[in-house]
């Protein structure tokens with residue numbers, strides 16, 4: 001490993017546009033891993049630029065830090081991820097996004113037939129809870145979420 005492959009936390013912050021405190025937070029959460037010098041100073045690999053960039057992009061896409069951590073756990077530590085690595089992660093995220101899109105479309109369809117519809121008909125109501133079948137599990141409106 002060459003010296004140019006190692007970055008201080010300040011260098012990493014400048015290269016990614018992420019604050020030093022945020023990088024420390026991501027380290028605390030296990031999303032990046034710092035090497036330590038003999039004086040206990042943090043040093044990061046150049047590959048961490050991509051890891052941190054991925055974190056920012058994934059957060060903008062609505063992924064939680066737990067989901068981001070699970071995706072990053074599949075990436076190799078110490079080398080820049082290759083196209084195959086990113087392809088596997090993007091496939092998993094795409095599946096998650098497709099599921100979320102389907103859930104939101106279902107909510108939108110129910111919204112059109114429920115809120116403010118004025119139907120006043122339990123026969124056509126999407127939330128009608130005949131015989132309190134959801135009562136043992138949880139409140140009826142929560143079933144839609």
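Values quoted throughout were computed directly from the atomic coordinates according to the rules given, and no laboratory measurement underlies them. What you are looking at is a predicted structure, and each value in this text was computed from that prediction instead of being measured.
Points to keep in mind about this one:
- Net length available on complete extension from residue 8 to residue 67 is 18.6 nm, with 0.36 nm assigned per residue and the Cα-Cα distance removed.
- Segment residue 53-residue 27, length gained on full extension (0.36 nm per residue, minus Cα span): 8.0 nm
- Extension gain, residue 100 to residue 19, is 26.1 nm, computed as 0.36 nm per intervening residue step minus the present C-alpha separation.
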